[in-house]
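Structure record follows, encoded as structure tokens.
The values are calculated or read from the model by the stated rules, or taken from the named source; none is laboratory data. Values in this document were obtained by computation on a predicted structure and should not be read as measured data. So basically every Cβ, Gly included, is an ideal-geometry build from the backbone, and we count neighbours across all protein chains shown. In case anyone asks, the SASA skips ligands and DNA or RNA and just uses the protein heavy atoms, side chains included. Shrake-Rupley method; radii C 1.70, N 1.55, O 1.52, S 1.80 Å.
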Amino acid sequence: MIDLFGEVRAGVEAAVRRACPAAPPEVPVEFPPDPSLGDLATPVAFGLARILKRPPRAIAEELAREIAALPGVAAAEAAGPGFVNVRLDRDAGLARLLAPPG
């Protein structure tokens, strides 16, 4: 079974660990309250800002670049003061769903 949400969540967590190995173990990845913002979002840059002593928006911009390169992601962008909004690549997800096993 294909779990595109789980795969993208794992990719977001890996990007966070690369940016900040001391990051908290739980990386919040959630559905945004407004679907126009994207398919997924993370406010993790706010927590990282305290650890890295950098503005959350700058951290979100770096994370967005890494997340945008993940398989299954169509786009990722920093939003507001430090959120990262993610749009999934529906065509890639559908192709994987319809691909023969193996």
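Among the residues of the range 11-33, those that are open to solvent by 70 Å² or more (accessible area, probe 1.4 Å) and either aromatic (Phe, Trp, Tyr) or free of Cβ contacts under 8 Å to residues at least 12 places away in the same chain (or both) comprise ARG17, PRO21, PRO25, GLU26, PHE31, PRO33. Every condition in (1) closer than 17 Å to ALA75 by Cα; (2) under 10 Å from the mean Cα position of the chain (by Cα) is met by PRO28 except one, and the failing one is (1). Looking only at residues in the range 34-47 that are open to solvent by less than 50 Å² (accessible area, probe 1.4 Å) and small (Gly, Ala, Ser), the one that is nearest to VAL12 (Cα to Cα) is ALA41. All but one of (1) surrounded by fewer than 15 Cβ atoms within 10 Å (Cβ to Cβ); (2) modelled with pLDDT of 95 or more; (3) charged (D, E, K, R) hold for GLU61; which doesn't? Of everything listed in (1) surrounded by fewer than 15 Cβ atoms within 10 Å (Cβ to Cβ); (2) modelled with pLDDT of 95 or more; (3) charged (D, E, K, R), GLU61 misses just condition (1).
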